[in-house]
Amino acid sequence: MPVVDIDPDELRQLTGTERDDDRLKDDLFGLGLEYEGETEDGDLQFEFAPDRLDRLSVEGVARSLRYHYGEDRGTYVPPTNDADWTIEVEDSVPDERPYVTGAVVRGIDLDEKGLDSLIQLQEKLHATMGRKRAKGAIGIHDLTMLKGESVSEEGGPSIRYTGVDPDGPRFVPLDSDAELTPAEVLEEHPTGREYADLVSEYERYPAIYDELGLFSFPPVINGRRTEVSTDSRELFVELTGTDQWTIDKMCAIVCYALSARGATIEEVEVEYPDRTLLRPDFEIREKRVSHERIEGMLGMEFDPETVIDCFERAGLSATQVLGEETAYDVEVPPYRVDVLHPVDLIDDVGRAYGFDGLIPKYPEVSTVGARHERTRLEDAARNVLVGLGFEDTLNFHLINEAENYERLRVTPGEGVLGAGDPATIREPYSEDYTMVRTWALPSLVMVLENNTHRSYPQNLAEVGFAAELDDSTETGVRERRTVAGVLARTDASYEDAKGVLQALARNFEVDLETPPTEHPTFIDGRAASVVIDGQPAGVVGEIHPEVLVEHDLELPVAAFEFRLDTLE
């Protein structure tokens, strides 16, 4: 989940409120931002759902609060000046990264906090919507340091998005004093090495030129010549990527944030060989939702005036439509990339009204709810593990192939626990979450990896969900509940993990066997199958040293995992 650092004083200034920190935390919690702690500099940290990417900066959070307080209402689109600059897209641009967009920003007054916020927004968008720059990357430049080439005698200045030879033009990248070719940047510069895999296989590298030469090597690094500082008053924002919609929406989010600081947005013409676009794209979308559906989903009756008021305090504009049923045509601003379905609009109505203001009532059904037997079994297993000294964890069910397989030395399809074929996400929102995990042990090892700074021993357990492809099932995916645990301490051994399994077996009155086995995640000779009541259920053993090194773990780790249903 994204976490954004917010200076509370700056938030108050942008919001126009004098509310104290505790009140701000409560108000933001109502908007879906959960307080996570403070940085060493005193900034407040908030975690929120990754769909609201417009809240990746203090400007976006302040905008949401102003709507929430009723200070602003309805859909807002920043005014734009006519285009002066042009981005020419040449035929030599790499086919793998063919799209570009941009905007000119004038009259911006950036202090240190404003610059830090802009950099944070840029990097957070890279990590989320840009998929670590693979799908979209942002370059922000000091406009006064650019010298645009004239498209024609009457035309304004222009820059060129083109492709270059890896060993071609030299430029001075950010955080460097040396002139380097693009290939040398990927080999010698720290940022270049970090993002080298994005372009290293291209025959020609993407580059952006002005009349003075190369000043941007997307998606890797900008040139030092156009570096932005607190003295910068005019900016050129350019984005390149693999999808026009994605970079246009990223550009809109950046432009809205800069507009909130008093900047004026100026359009840019993007000239492709076969078409010309005017950017940034501030087009307003419209969606319709029925009054009946709003009341049905939120479980309350509303008059149309209240619904329209809630839409406006959510930053949307709504018009009541009369017909066979009352409905609303809702205008959605360009920065709201999360609004895909009428349900998203209903969620905004609920938040603006206040979920704590909704009146609970019993559903009109003749049955009474109760815990599912599987849930009772899960809770029983958790209670036993906690009683044995484990800390219960709840991890994401989504993971990526590297974490699920490679980092634990598992090859898909090799016939061991965790090696099942994955249920993958067709269009993942993040490279970190591309599939449903096939076992829970990778999640626990990742928790250990993220907590090496904490004291030991660390005994962690999870009763969770896993799935893998299986053509014999109706859905094509076989789901299961799994029990996993890790013991990390100086003397952790196979016997310790087996002892936990023996205690579980006694509590649930099942027979446990542990015949020797081999599993690539575990040390040969220190691993066994978990067989419960004669059914193969899982594996137990000592984690292989290569897995420990891969996760920066310096202590031995014993682990186990087995199917929950075998305890029934």
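The values are calculated or read from the model by the stated rules, or taken from the named source; none is laboratory data. Computed from a predicted structure; not experimentally measured. Using ideal geometry, Cβ is built from the backbone for each residue, glycine included, and neighbour counts are taken over all protein chains shown. These area figures cover heavy atoms from the full protein model, side chains too; ligands, DNA and RNA do not enter into them. Shrake-Rupley method; radii C 1.70, N 1.55, O 1.52, S 1.80 Å.
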Theoretical FRET efficiency, 1/(1+(r/R0)^6), r = Cβ-Cβ of LEU394 and SER366, R0 35 Å, to 0.05: 0.55
For SER64, what accessible area in Å² do you get when you roll a 1.4 Å probe over the heavy atoms of the protein chains, rounding to the nearest 10? 10 Å²
Taking 0.36 nm per residue of sequence separation and subtracting the Cα-Cα distance, how much length would be gained by fully extending the chain between HIS341 and ARG506, in nm to one decimal? 54.4 nm
With each pseudo-label sitting 7 Å past Cα toward Cβ, what's the GLU324-GLU90 distance in nm, one decimal? 5.9 nm
If the label point is 7 Å along Cα→Cβ of ARG23, which residues in the stretch 41-69 have backbone nitrogen under 14 Å from it? 66, 69
With the 1.4 Å probe rolled over protein heavy atoms, the stretch 171-275 has an accessible area per residue in Å² of 39 Å²
Specify the inter-centroid distance of the stretch 321-380 and the stretch 243-276, based on alpha-carbon positions, in whole Å. 33 Å
With N denoting the number of residues in the stretch 80-279, provide Rg(C-alpha) divided by 2.2 N^0.38 Å, to two decimal places. 0.94
With a cut-off of 8 Å between alpha carbons and a minimum separation of six or more residues, what is the relative contact order of the chain in percent? 12 percent
Subtracting the Cα-Cα distance of GLU546 and GLU283 from 0.36 nm times their residue separation yields 89.5 nm
For the chain, what are Rg and Dmax over the alpha carbons, in angstrom? 27.6, 88
If ligands, DNA and RNA are left out, what is the accessible area of THR319 with a 1.4 Å probe, given in Å² to the nearest 10? 90 Å²
Estimate the FRET efficiency between ARG480 and GLU401 by the formula 1/(1 + (r/R0)^6), using the beta-carbon distance for r and 25 Å for R0, to the nearest 0.05. 0.80
Distance in Å, no decimals, from the C-alpha centre of the stretch 488-555 to the one of the stretch 49-80 is 50 Å
When the chain is fully extended, how far beyond the present Cα-Cα distance does ARG224 get from ASP72, taking 0.36 nm per residue of separation? 50.8 nm
Expressed in square angstrom to the nearest 10, the accessible area of LYS249 with a 1.4 Å probe stands at 20 Å²
List residues of the stretch 411-453, by number, whose backbone nitrogen lies under 13 Å from a label position 7 Å along Cα→C-beta of PHE465. 436-438
Suppose R0 equals 41 Å. What FRET efficiency, 1/(1 + (r/R0)^6) with r the Cβ-Cβ distance, do ILE425 and VAL386 give to the nearest 0.05? 0.80
Could you sort GLU194, GLU427 by their accessible area in this structure, using a 1.4 Å probe and putting the largest first? GLU427, GLU194
Find the percent of Cα-Cα distances in the stretch 285-357 that exceed 14 Å, and round it to a whole number. 54 percent
Relative packing of 130-141, 349-360, which averages over residues the other C-beta atoms within 10 Å, highest first: 130-141, 349-360
